[in-house]
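Everything on this sheet refers to the single structure shown next.
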Amino acid sequence: LNDNPSYYKIALSGTMKSPKINFDPPFLMLMPVPLDVKSEAAINIIPQDFLRQSQIQVELPELELEDGDRIYPFSIQFPEGKDIVLSSDGTNKELICHISFRSSRPVSFLGNILFIVEEES
């Protein structure tokens, strides 16, 4: 046995899927409304390939008005929570997100609301 060592070679291969989220609808247009009236819409957040419990955080834009004042006219609510959890069948449950806009001053906006996924340790 010592004069004839046996070597075994094992080849491993795999695919690593990066977690991602998709949105339905993929973009949002809120309808114009009179001053100080709320305009809102619901979107579905569709997480894919998350293996650990995670939570969604949101950064809302600050808008600067013509006179230099700054406002935060957007608000976000997650009626069923912001946690991304792994189901027993290996999929992630969709999340519902309500986005609303209200301003007492005339304003229009084209931009982004940033959704950040934080893994819990």
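The values are calculated or read from the model by the stated rules, or taken from the named source; none is laboratory data. Quick caveat: nothing in here was measured; it's all calculated off a predicted structure. Cβ: placed from backbone, ideal geometry, glycine included. Neighbour counts: every protein chain shown. Surface accessibility is based on the protein's heavy atoms, side chains included, excluding ligands, DNA and RNA. Shrake-Rupley method; radii C 1.70, N 1.55, O 1.52, S 1.80 Å.
Peptide packing: for 16-22, 44-50, the average count of neighbouring Cβ atoms within 10 Å per residue gives the ranking 44-50, 16-22, highest mean first. For the chain, lysine pairs separated by 8 or more sequence positions, or belonging to different chains, with Cα-Cα distances below 28 Å total 7. The accessible surface of the chain, taken with every protein chain in place and a 1.4 Å probe, is 50 percent carbon and sulfur.
Computed with every protein chain present, the accessible area of Glu94 is close to 90 Å² [probe 1.4 Å].
Summed over the residues of the range 45-119 and divided among them, the accessible surface reaches 65 Å² per residue at a probe radius of 1.4 Å.
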